[in-house]
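Working notes, beginning with the structure itself.
Every number here is computed from the coordinates shown, using simple stated rules; none is lab data. Note that this is a predicted model, so its numbers are computed, not measured. Ideal geometry is used to build each Cβ from the backbone, glycine not excepted, and the neighbour counts take in all protein chains shown.
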Amino acid sequence: MKRMFHLLLLFLPLTVVAQQNYIPYYQAVAKAEVCVSQRRYDTAMSLYKSALSSVEYPHNKDIRNAYVCAAILNDTNFLFDTLSPYFGRISVSALSKLPLFSKYDSLPKWNRVKTLSDSLLLVSEQSINWEYVRLIDSLNQEDQKPRNKRLPWKIHNVRKREEAYRYWRFIDSSVAATMDSLILLYGYPCMQNTGYRFRNGYSYPVCLWHRGDTLFAKTEYEALCQGKISPENYARHISYIIMASNADSLIKKKDVFCTNFMPYPEDSANKMRIDSNRRRIGLPSLDEAQAMREYFRSNENPGFIFDVSFWVSPKRRRFAVSLFHFAQ
């Protein structure tokens, strides 16, 4: 039964039918980010323009990267006019502190853009459903209490550690029903209704990381297709569930996206399979993701932000397992 559940979870993104209006958007953004890492800014700018105009609610990361790309190409029309609908989504004042934007400091129009952006940000913050944020925060605290008391990887006795793993795997059943009721009432927790939660590493409530039921997996895939969760976080969550269900044995297996401390595939056939699954939901290939990460960390990056799903090369597997345990 457990094996059947894992197989269903792995192939769910390929079988669930949903309104995939955001999947082409994610795919275009992934191509744009690959072009950025290759210094092909003209092509990246064209892809960003196409992506941003294709959906009602582009992700903040993509809006910011479009700004940076436009500044590199000195496309003032795009900066001042085309991006005006998104002035309330990111802080242009904070963005203008990057050296790349210093050339616009003397332009009155740029200063008006900064003022307008800051005022619209305040309006945007007022639209956040703070009651939902408060409820999620309280639910997170309840969800974490048992785990904080007894972390399995700190237990030296093998038998007791295995018992703790089973306990840790299923303890969130008490908050699952509450989370479902909140989703029915407020919708999937996303940028549109919880705001600041999407500005840090926890892009959705912690308690969702421990959900293992197929009904919720369907809900989350629908959220991916509707633009309420990024491909990076979707893939990371699916990997997390697979690993958390039995970390000792499944840590050595390949998952469908190869994310979140999963071993990098050594054989070309498995790598092609993973890359195909990644592209299907709007992620770059593993090699492209590595090139993007190197560009992001380099001194040549003028201000782009990438949220690239994580994978580990064979040489770093032992460190990755330790890091996975520490991260919990």
**Report entry** Local electrostatic count at Val34 - Lys and Arg +1, Asp and Glu -1, tallied over other residues with Cβ under 13 Å
**Finding:** +1
Query raised in the report: Modelled label-to-label distance, Leu215 and Lys97, 7 Å Cα→beta-carbon offset: nm?
Result: 4.6 nm
Query raised in the report: Can you pick out the pairs among Lys160/Lys228; Lys114/Lys228; Lys218/Lys271 whose Cα atoms lie more than 31 Å from each other?
Result: Lys160/Lys228
**Report entry** Proximal aspartates and glutamates relative to Lys109, as straight alpha-carbon distance under 13 Å, when same-chain residues fewer than 8 apart are discounted
**Finding:** Asp81
